[in-house]
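Here is the structure we will look at.
The values are calculated or read from the model by the stated rules, or taken from the named source; none is laboratory data. This one's a predicted model, so the numbers in the text were calculated from it and none came from an experiment. Counting neighbours? That spans all protein chains shown, and the Cβs are built from the backbone with ideal geometry, glycine included.
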Amino acid sequence: MSNGDQNLVVLTIYIIGVSYVFNRMIESIDDRIKFELNAAVVNEQLKEQNLLDKIGISVKFQSFYPIDDLKDLSLSIENKSENIAIYVDWDNSSIVVEHTKQSRRVIRKSPDLTRDLAVPQSPSLITPQKTLSETVTAEDVFERDPVSGTYSAKKPLVNITSLSKGGPPQKKLYNDFMNEKTELEFSLQLVLRISEVRVGLAPGVNVPLMCIINCPFTIKKLHWTYALPWKKKK
């Protein structure tokens, strides 16, 4: 065997070895997903109802999450106005996962949630120039601790892994999502009641205006390159 042939064999073995190590490295990187609120859609709805300069809605997320790790939403609703009161109607608000079409009742979380989840929730008032920050989730993610008697969120808000155990359409959706060919969607449908703040006694009846704001979210499977050091947020 000539020196040229020997060099080619060594180079081939080297490339195979590097490819093997590289592929094993990729396989060792945990799957991560990213959640995003479509703020443009939310703002367009507020604009159509002449509320854009009065109400601000935002949701805070981490940069990425493990699969099935997100169990609640960190929601903020700002009352930008000078003269309206905003009431958040939790019991009539819902979370809808697009691929299941299931509508789920919203629960406002508290540190020691001990009450029966079926008990009606009082609306939250947001006075002018104030912001309400709450952690909310779907009713069916809770499980009750038999010892402490408290409820805590144990199930994922969107159960992605369960798709892999469903029928052919669900399995295909799961594989397409994991292969980054499609995104998943869900929405928080907020029911708000708005009334004008009045000082003292005033004639007439102040009937609250009800509006429903659909807050759509997308779930995206991140490419393995998310783990590269220069792509991580400090």
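Quick notes on this one:
- Odd one out for K60 among (1) under 25 Å from P156 (Cβ atoms); (2) loosely packed, with under 12 Cβ neighbours inside 10 Å; (3) out of contact with any strand residue (DSSP E or B) (no Cβ under 6 Å at 6 or more places or on another chain); (4) of a type outside the set (G, A, S): (3)
- Selected residue (criterion: farthest from P66 (Cα to Cα)) from residues of the stretch 206-234 that are assigned to a loop (DSSP other than H, G, I, E, B) and modelled with pLDDT of 65 or more: P208
- Under the condition of being in a strand (DSSP E or B) and surrounded by 14 or more Cβ atoms within 10 Å (Cβ to Cβ), the residues counted in the stretch 132-157 number 11.
- If the condition is being part of a loop (DSSP other than H, G, I, E, B) and either surrounded by 11 or more Cβ atoms within 10 Å (Cβ to Cβ) or of a type in the set (A, V, I, L, M, F, W, C) (or both), then the stretch 108-121 contributes K109, S110, L113, T114, R115, L117, A118, V119, Q121.
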